[in-house]
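What follows is a single structure, written as structure tokens, with notes after it.
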Amino acid sequence: MTSQRIRQVLVRKAKPRDAERINSFDRYFPHLATLSGPKGPFYTQFVAGEIASQTSSRKVVLVAEEKGLIVGYAWSNPLLEAGPAVDLDLIAVSPEMRRRGVSQVLIASSVEAYRRAGFKIAVAAVSELSFKAFEKAGWDYAPVGHEIRWEWPGASEAWFGPDMLSRHHDRVAFLRLTSDAPAIHVQPKVQTGAIAK
Ligand SMILES: CC(C)(COP(=O)(O)OP(=O)(O)OC[C@H]1O[C@@H](n2cnc3c(N)ncnc32)[C@H](O)[C@@H]1OP(=O)(O)O)[C@@H](O)C(=O)NCCC(=O)NCCS
């Protein structure tokens, strides 16, 4: 991946040794911060292993650095069974570096990596506030309570919607990565059961 500098911020592929710093961003995600309390060395080791598996697993973990300090990261995973679609699963920028476009370069670099790898659709679970970063990056989004669907031969789970969101995310952002990407249909989520969450 080529590195990009925007306003002295360098975006590069994460390395296993970045795991501890990446984990420290968990506190900025309401849905992760409350999960299991402080994370120990075992968790750092787990995340380092995940980062090390980037090439084989096709996940892409990028960090944004300013003056040698990681000030943000973006973590994307291919969506299993959904065709050539990727979930930009986690993106965070340290509070003192926000509103400077750091998320823009992380989003753009993640998208570019997957576009080059042949992926055609990117999705992300977002909140009322974070969708603005994706909107600014040119992504579209589905209203609260809606899901998106697309068609891809052989894909059994070609959709992304409320069932996949935590309670801290209420909408779905999406982007077609190539002009031949399948059309994305936005539709109200159909309630299929009465399972209370
Ligand atoms: C979402 C997040 C990654 C955005 O990072 P960022 O680098 O500050 O984003 P940008 O500078 O590219 O800002 C993008 C746009 O989002 C909107 N925005 C971002 N923060 C905002 C705020 N506090 N109030 C109002 N609008 C805001 C603005 O429209 C902004 O564009 P502008 O500065 O030109 O007006 C960052 O706020 C964050 O880390 N949040 C906590 C973690 C999180 O919720 N992650 C997303 C879900 S996984």
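Every number in this text was worked out from the coordinates using simple rules, so none of it is lab data. Since the model is a prediction, treat every value here as computed from it, not as a measurement. Here the Cβ positions follow ideal geometry from the backbone for every residue, glycine too, while neighbour counts run over all protein chains shown.
A compact table of results
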| read-out | value |
| --- | --- |
| Net dipole in debye of the stretch 4-188 [+1 Lys, Arg Cβ; -1 Asp, Glu Cβ; about Cα centre; nearest 20] | 800 debye |
| Net charge of Cβ neighbours under 12 Å - reference A158; Lys, Arg +1; Asp, Glu -1 | -2 |
| Stretchable slack from R17 to R99, in nm (0.36 nm times residue separation minus alpha-carbon distance) | 26.8 nm |
| Separation in nanometres of the label points that stand 7 Å from Cα toward Cβ, at R167 and Q187 | 2.9 nm |
| Percentage relative contact order, the stretch 4-188, counting C-alpha pairs under 8 Å, at least six apart | 19 percent |
| Which of L88, L177 has the fewest Cβ neighbours within 10 Å, and the rest in rising order | L177, L88 |
| Highest-MSF residue in the chain out of G145, G154, G49 [GNM, Cα springs under 10 Å] | G154 |
| The chain: angle of helix 41-52 to the longest principal axis, Cα-based, in degrees nearest 10 | 70 degrees |
| The chain: calculated mean residue ellipticity at 222 nm from DSSP helix runs of at least 4, using -39500 (n - 2.57) | -6000 deg cm²/dmol |
| C-alpha long axis of helix 102-116 to longest principal axis of the chain, angle in ° | 60 degrees |
| Long-range amide H partners of E147 with built H, under 5 Å | Q187, K189 |
| Sorted by Cβ neighbour density within 10 Å, fewest at the top, the residues D140, D18 | D140, D18 |
| Exposure proxy order (Cβ contacts within 10 Å, fewest to most) of V71, V186 | V186, V71 |
| Peptides ranked, highest mean first, by Cβ atoms within 10 Å: ranges 117-127, 19-29, 94-104 | 117-127, 19-29, 94-104 |
| Of K15/K59; K15/K136; K13/K59; K59/K120; K15/K132, those spanning more than 19 Å from alpha-carbon to alpha-carbon | K15/K136; K15/K132 |
| Furthest towards positive pole of dipole, P41, L88, L165, structure part the chain, Cβ charges | P41 |
| Positive-end residue, the stretch 4-188 charge dipole about Cα centroid, Cβ charges, pick of V144, A108, P78 | A108 |
